[in-house]
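See below for the structure under consideration.
The values are calculated or read from the model by the stated rules, or taken from the named source; none is laboratory data. Here the structure is a predicted model, which means the values were calculated and not measured. Here the Cβ positions follow ideal geometry from the backbone for every residue, glycine too, while neighbour counts run over all protein chains shown.
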Amino acid sequence: MPQRDPGPSVKDKELYEKLRDEGNSKEKSARIANAAADTSRSAVGRRGGKSPSYDEWTVDELRERAAELDIDGRSSMNKNELIDALRKH
């Protein structure tokens, strides 16, 4: 696959490419690659918070989070669609 140029803001281009090849969005890949470059790749996954699974969130909470991430079409999505959109973002 041809190499994509993620731009100068991406600190770990190799990890960015791997994440993009796995199907992650440009934004998500850049966030993960930059977080990994700031510490270490193994520490990035452990650093997460204690948020409950999206399955435990209410539809209103999911829509609020989707609004924070500017996900299009969120107002007409049902719970499963919101969860899917948030996980793919």
Among the residues of segment 35-49, are any modelled with pLDDT of 85 or more and either surrounded by 16 or more Cβ atoms within 10 Å (Cβ to Cβ) or among the polar types (S, T, N, Q) (or both)? no
Can you run down the residue pairs with Cβ atoms below 6 Å, 6 or more apart or on separate chains, where the first is in segment 16-34 and within 17 Å of ARG87 (Cα to Cα) and the partner is in a loop (DSSP other than H, G, I, E, B)? ALA30/VAL10
Before we move on, is ILE32 at pLDDT 80 or above and in a helix (DSSP H, G or I)? yes
